[in-house]
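Chemist: Mind looking over this structure? Questions follow.
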Amino acid sequence: MAFERACGVLLHPTCLPGPYGIGDIGPAAHRYLEWLARAGARWWQVLPLNPAGLGASPYAATSTFAGNTALVSPELLRSQGLLQDSDLSDRPDFSPFKVEFHRVVPYKRTLLERAFKRFAARPPAGVEERLEAFRSRHAAWLRDWAMFAALKQAAVGASWWEWPEELALRRPGALEAWAARHQRELAFEEFCQFVLFDQWEGLRQRARALRIGILGDLPIYVADDSAEVWANREIFRLDGRGRPVAVSGVPPDYFSATGQLWGNPLYDWEALEASGYGWWVARMRATFELVDAVRLDHFRGFAGYWEVPAGARTAATGRWLPGPGRKLFDALHAALGELSLVAEDLGVMTDDVDALRDSLGLPGMAVLQFAFAPAPRSQFVPYRHRRNQVVYTGTHDNNTTVGWFLGDASPAEKDFVCRYLGTDGREIHWDLIRLALASVADLAVVPHQDIAGLGADCRMNTPSKADGNWRFRLTDWMLGDALRDRFAALSWLYGRTGS
């Protein structure tokens, strides 16, 4: 699928400003869509919208079907009559500059408990009917998620393999007995998902009205401690206790000299093929109910993946094994039709990865922070860009452009980029934004931190660093008219506004 010439901004909803400790999908998100539209952007790129897992990472989600209820807007709950002013009067004094997950998550859960109690006592008009319709539409995953989430809450957050064996291994009699004793907890978890999906659909409708598409993100793997591994052990390479026999990662690369040991369970691709890839079809269908296009994280894993023995201390001892290749994508196309996908093809690529991407007609990625090593010349240097490609100044895994230039770029890279652009580097973020928007690549995406010219302390994620990631938040000046209008002028100049 090729994109029309356009531009977008990368910002996860958790980064939006607001008084409740974390960005959400309420009024601030609606205002952000309006800001994007005035800036000439036609895409809003987000990270995975699923419940954040280890280290608050959206890429270690505890479900690939459920949504992150920390994104629920208290203001929208109040407008629906599910919360009252008194329910919000005890709001903690949250930091406006960073997400304090350890404080925010329990606070949001408290608000949702209050909303559920009010709903159970007196449902607002029409809400009960919409909840039942939601349960019916999402029955394939919702009950498993509710069981997993309620059990995890009862176990004070313990991983599923640490639960009592009869529950960890899903022995039917034990699950049914537990569910019968905890109907309220299960109903609460289903209610939370309904509220989130209902609010998200309102945001999607506003995005459509403004002609802005949502570009989502789908990690190739799911977390070990997730509802999907607990409920679908037959499609993963696990032992009899449900523990991985091998795990995911990548070999040594730009980000880490010992590789990245992700630790996700690996798929049993033979079992998935035998089932017609039904689980993947369901996963992709669910993702496209939330977004308009999907970035496939770690696309190279579909051609060949890095297997690391379970228990290894680094990823350096792994080996390459063949992935499902085109068979998976043919099954997705047969079931779902043409899908708007972007292949995240960064890192060490081989001919089989490029061949798979090109045979599917998918745009790959070019990252300008990787473009300016003087020798050998990078594939990302702008004169090598292709039309069917998405160009970024940086991604969520990169430093900000200012942080990269001041702290990460070598003297040779600084010299090359300044000579290439004819700049002294004082506004290197705007220099690279201009370069991205001027590219022949059909889609250009810029992290909001680069529009605001922020430094390394505002980067979203540092790969291989366990703590302190995903915490960045916008403040009001970063959404100022001057920044918006400067971006809009460049969007128009380089033909990316669609008018």
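The values are calculated or read from the model by the stated rules, or taken from the named source; none is laboratory data. Because the structure is a prediction, the values reported are computed rather than measured. Using ideal geometry, Cβ is built from the backbone for each residue, glycine included, and neighbour counts are taken over all protein chains shown.
Chemist: Pull out all pairs, ordered by first then second residue, where Cβ-Cβ is under 8 Å, the residues are six or more apart or on different chains, the first lies in segment 368-384 and is free of Cβ contacts under 8 Å to residues at least 60 places away in the same chain and closer than 14 Å to Pro411 by Cα, and the second is surrounded by fewer than 15 Cβ atoms within 10 Å (Cβ to Cβ) and hydrophobic (A, V, I, L, M, F, W, C).
Modeler: What qualifies is Ala373/Ala412; Pro374/Ala412.
Chemist: Scan Thr317, Thr287 and give me the residue that is touching a strand residue (DSSP E or B) at 6+ places or on another chain (Cβ under 7 Å) and either under 19 Å from Phe236 (Cα atoms) or surrounded by fewer than 19 Cβ atoms within 10 Å (Cβ to Cβ) (or both). Steps first, answer last, please.
Modeler: On the way: Thr287 fails: either under 19 Å from Phe236 (Cα atoms) or surrounded by fewer than 19 Cβ atoms within 10 Å (Cβ to Cβ) (or both).
When all the criteria are applied, what remains is Thr317.
Chemist: Working carefully through the options Leu47, Leu77, find the one that is buried (at least 23 other Cβ atoms within 10 Å of the Cβ), part of a helix (DSSP H, G or I) and out of contact with any Phe, Trp or Tyr (no Cβ under 7 Å at 6 or more places or on another chain). Steps first, answer last, please.
Modeler: Details: Leu47 fails: part of a helix (DSSP H, G or I).
The match here is Leu77.
Chemist: Please go through segment 349-395 and pick out each residue that is farther than 17 Å from Ala438 by Cα and among the β-branched types (Val, Ile, Thr).
Modeler: Correct list: Thr350, Val353, Thr395.
Chemist: Moving to a separate point now. Step by step: first the residues of segment 81-104, then only those that are of a type in the set (A, V, I, L, M) and either on the phi > 0 side of the Ramachandran plot or assigned to a helix (DSSP H, G or I) (or both), then the one that is surrounded by the most Cβ atoms within 10 Å (Cβ to Cβ). Which residue is that? Please lay out each step first, then the result.
Modeler: Initial filter on segment 81-104 (of a type in the set (A, V, I, L, M)): 82-83, 88, 99, 104.
Those left that are additionally either on the phi > 0 side of the Ramachandran plot or assigned to a helix (DSSP H, G or I) (or both): 88, 104.
Numbers: Leu88: 16, Val104: 19.
So the residue we want is Val104.
Chemist: Return the residue satisfying two criteria in turn: it lies in segment 347-385 and is among the β-branched types (Val, Ile, Thr) and part of a loop (DSSP other than H, G, I, E, B), and of such residues it is modelled with the lowest pLDDT.
Modeler: As a first pass, look at segment 347-385 and keep what is among the β-branched types (Val, Ile, Thr): 348, 350, 353, 367, 381.
Pick out the ones that are also part of a loop (DSSP other than H, G, I, E, B) and you get 348, 350, 381.
On the way: Val348: 74, Thr350: 88, Val381: 97.
So, considering only residues that are among the β-branched types (Val, Ile, Thr) and part of a loop (DSSP other than H, G, I, E, B), the one modelled with the lowest pLDDT is Val348.
Chemist: Sticking with this structure for a sec: Considering Ala271, Ala257, which residue is assigned to a helix (DSSP H, G or I) and surrounded by fewer than 17 Cβ atoms within 10 Å (Cβ to Cβ)? Before you say what the answer is, go through the steps one by one.
Modeler: Working: Ala257 fails: assigned to a helix (DSSP H, G or I).
Testing whether each residue is assigned to a helix (DSSP H, G or I) and surrounded by fewer than 17 Cβ atoms within 10 Å (Cβ to Cβ) leaves just Ala271.
Chemist: When the residues of segment 349-369 are narrowed to those that are over 10 Å from Ala303 (Cβ atoms) and under 22 Å from the mean Cα position of the chain (by Cα), which ends up surrounded by the most Cβ atoms within 10 Å (Cβ to Cβ)?
Modeler: First, the residues of segment 349-369 that are over 10 Å from Ala303 (Cβ atoms): 358-369.
With under 22 Å from the mean Cα position of the chain (by Cα) added as a condition, the list becomes 362-369.
Details: Leu362: 21, Pro363: 25, Gly364: 21, Met365: 21, Ala366: 25, Val367: 18, Leu368: 28, Gln369: 24.
Once the filter is applied, the top-ranked residue is Leu368.
Chemist: Specify which of the listed residues (Ala452, Ala444, Ala436) is in contact with a helix residue (DSSP H, G or I) (Cβ under 7 Å, 6 or more places away or on another chain), surrounded by 15 or more Cβ atoms within 10 Å (Cβ to Cβ) and either free of Cβ contacts under 8 Å to residues at least 40 places away in the same chain or acidic (Asp, Glu) (or both).
Modeler: Values: Ala444 fails: either free of Cβ contacts under 8 Å to residues at least 40 places away in the same chain or acidic (Asp, Glu) (or both); Ala436 fails: either free of Cβ contacts under 8 Å to residues at least 40 places away in the same chain or acidic (Asp, Glu) (or both).
One residue alone meets the criteria, Ala452.
Chemist: So, in segment 7-44, how many residues would count as being assigned to a loop (DSSP other than H, G, I, E, B) and either at pLDDT below 95 or under 19 Å from the mean Cα position of the chain (by Cα) (or both)?
Modeler: Step one: of segment 7-44, the residues assigned to a loop (DSSP other than H, G, I, E, B) are 11-12, 16-26, 39-42.
Right, trim to either at pLDDT below 95 or under 19 Å from the mean Cα position of the chain (by Cα) (or both) and you get 11-12, 16-17, 22-26, 42.
Number of matching residues: 10.
Chemist: Filter segment 455-482 for residues that are among the hydrophobic types (A, V, I, L, M, F, W, C) and either buried (at least 18 other Cβ atoms within 10 Å of the Cβ) or part of a loop (DSSP other than H, G, I, E, B) (or both) and give the result. Reasoning before the result, please.
Modeler: Step one: filter segment 455-482 for residues among the hydrophobic types (A, V, I, L, M, F, W, C), giving 456, 458, 460, 466, 470, 472, 474, 477-479, 482.
Scanning segment 455-482 gives Cys458, Met460, Ala466, Trp470, Phe472, Leu474, Met478, Leu479.
Chemist: Residues to consider are Ala6, Ala70, Ala60, Ala37; find the one that is surrounded by fewer than 24 Cβ atoms within 10 Å (Cβ to Cβ) and more than 23 Å from Ala209 (Cα to Cα).
Modeler: Values: Ala6 fails: more than 23 Å from Ala209 (Cα to Cα); Ala70 fails: surrounded by fewer than 24 Cβ atoms within 10 Å (Cβ to Cβ); Ala37 fails: more than 23 Å from Ala209 (Cα to Cα).
Exactly one residue qualifies, and that residue is Ala60.
Chemist: For segment 312-326, name all the residues that are under 25 Å from the mean Cα position of the chain (by Cα) and either of a type in the set (Lys, Arg) or part of a helix (DSSP H, G or I) (or both).
Modeler: Within segment 312-326, the subset under 25 Å from the mean Cα position of the chain (by Cα) is 314-315, 323-326.
Scanning segment 312-326 gives Ala315, Arg326.
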